[in-house]
Amino acid sequence: MKNRRVKTRGVTVWICLAVLLAVDIVLGIRLMGRNGQGENTEPPGGSAGGGISSPDGSTGSGEITKMPGAGGSGSPEAPSATNPPPESSADRRAAELLSAMTLEQKVAQMFMVTPEALTGCTRVTAAGETTKQSFTQYPVGGMIYMAGNLTDPEQTRSMLDNMEAYSMELLGIPVFLGVDEEGGTVARIAKNEAFGVENVGDMSKIGASGDIQKAHQAGSTIGAYLADLGFNLDFAPVADVWSNEKNTVVKYRSFGSDAALVQDMVKAQIAGLSEQGILSVVKHFPGHGSTAGDSHKGAAVVEKTLQELRECDLVPFAGAIGAGVPFVMVGHLSLPQVSGDDVPAVLSEKIIQEILREELGFEGIVITDALDMGAVTDYYSPQEAAVMAVTAGADMLLMPEDFAAAYEGVLGAVRDGRLTQERIDASVLRILKVKTGMVMPE
C-alpha cells in the first residue's frame, strides 16, 4: 500500500508539471501575438539578454543596456536600436537649456574671461550692478580670477556668491568660477597671507618624493579652501612631463620627468580636487615639458614626432582622461613634426580633433590656454584666433586679447557660414552637461 501511494504521488507530480508547462506555452503564444501587434517588437534574431540585432545581423549587447525594472523582449520599457537607453536627468536638462538659448547666449557660454574683460573696469574686486548688467549682455560660461581680484576671504566669497546668483537667475545654471591655484609658485590664494591657507608647495617636490598620496592630499587641501571661498574650478593639475632641463616655464610646476609617475600624480591630484567639489583643468596639452620657449612671450616649439609624444608627453593626459577629468587645456605649442606647420596646437584641428578627441577619446570640454599670450597675439587678431580655435575643436576660449572683438568674431562666423550652428551647439552642450551635472549629480 505504501509503495502504491508513492507511485500515485509521483504520477500526480508529473501531471501537475505537465499542466503548468501547457499553461506557460499558451501564455507565451498569447504574449507573442500581443507583441506582434505593438511597436516595440524585437528585431528578428534578438533575444532577451542576448543583445539587439542590427540590420546586418551584428549585435550591440555592449552598447545597449537594460533599464532598471524593464521587462524582457517585447517590454515597452526595453531599449532597442530605435529606442536607446535614456540620458541622465542632467543630460536631458542640458539639452532643454540648449534648445531655449539664443545664438548670442550660446556663443557667450563659450568664453571664460576676467571680470575686467567682462565689465570694462580697470580692477574688479566685487560683483555688483555693473557686473550684473555686463553679464546680462554677455552671459559668459566662466570667469577666471587673478590675484588682484582677490583681497580677503569675505570679499572673495561675496564676489563669487553674487556672480553665481546672477548666472542662476538669468540662465538657471552655474557659471564656472576658476582660478590658477596649482600650489607652489602658482597660487593666487595661498600666496596671499590674508587668506591664511597652506601653500602645498611646488609639484616638482611632491613628484620627487614619489609619494602619490602627497599629490592627492595637495589636491584635497587646495580643493577644500577653494570650495570654501566659492570657487568651483581650478586650472590644475599640470600634466606636462619635464623633459628639457632648459625649460623653466614648467620646471617647478611639473611632477617630474617620468611620464608614468606624472600620470599617477596627476590622477591623484584630480581625485583630491574632485572630492572637494572642484573641477580640474589638466594642462597644457599635448605637453609643454620639452619646449625651451615660453608661450606667454612668443612661439614655443615642440620638435617631437607623434610617436615620441605617445611614449611620453601624452601619457599623463591619457591617464587624466581615463580618470574622468572634465576639462583639458590645449597649449600654444607649435608641433611641426606632428601637424606639418607652425600653427599653435590650440588652433590646430590635427591636435584637438584627431589626437585629443579621436585618438585619446576625450569627450569633455576643450579649453584654450589664455588667448592673450604672445604665441597667439603676435600672429592673429582676437577675431581670427577665436574663430580658428572653434574651427579646430575648442569648446571654450580663455581670456582673448579683446573679449568683445572675439565674441563678435565668432558670432559673425556663424552668421556668414564659416561656422555652423551645429558646431556651436556641440560645444555648448558639452559645457551645459558639466554645469547641469554640478547641480544635478547622479
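Residue 275 versus residue 161, label points 7 Å from Cα toward the beta carbon: distance in nm? Each label point is offset 7 Å from its Cα along the Cβ direction, giving 2.8 nm.
Per-residue packing, averaged as other Cβ atoms within 10 Å, sorts the ranges 180-193, 104-117 into the order 104-117, 180-193, beginning with the highest. Put a dot 7 Å past the Cα of residue 363, heading toward its Cβ, do the same for residue 426, and the two dots end up 1.5 nm apart.
Summary of packing: across the peptides 432-441, 266-275, 387-396, the per-residue average of other C-beta atoms within 10 Å ranks them, highest first, as 266-275, 387-396, 432-441. Multiplying the residue separation of residue 246 and residue 416 by 0.36 nm and subtracting their alpha-carbon distance yields 56.7 nm. Listed by chain and number, the aspartates and glutamates whose C-alpha is less than 12 Å from the C-alpha of residue 106, apart from same-chain residues fewer than 8 away, are 395, 422, 425.
Along its principal axes, segment 103-439 has C-alpha extents of 49, 49, 33 angstrom, given from the largest down. Stretching residue 99 away from residue 125 to a fully extended chain increases their span by 5.9 nm, per 0.36 nm per residue minus the current alpha-carbon distance. Here are some pairs, 246/283; 246/267; 214/350; 132/283; 246/350; 267/435; which of them have Cα atoms lying more than 29 Å apart in this structure? From the list (246/283; 246/267; 214/350; 132/283; 246/350; 267/435), the Cα-Cα distance tops 29 Å for 214/350; 132/283.
Coordinate-derived values only; no laboratory data. Please read all numbers here as calculations on a predicted model, not as lab measurements. Reconstructed Cβ throughout: ideal geometry from the backbone, glycine too, with neighbour counts over all protein chains shown.
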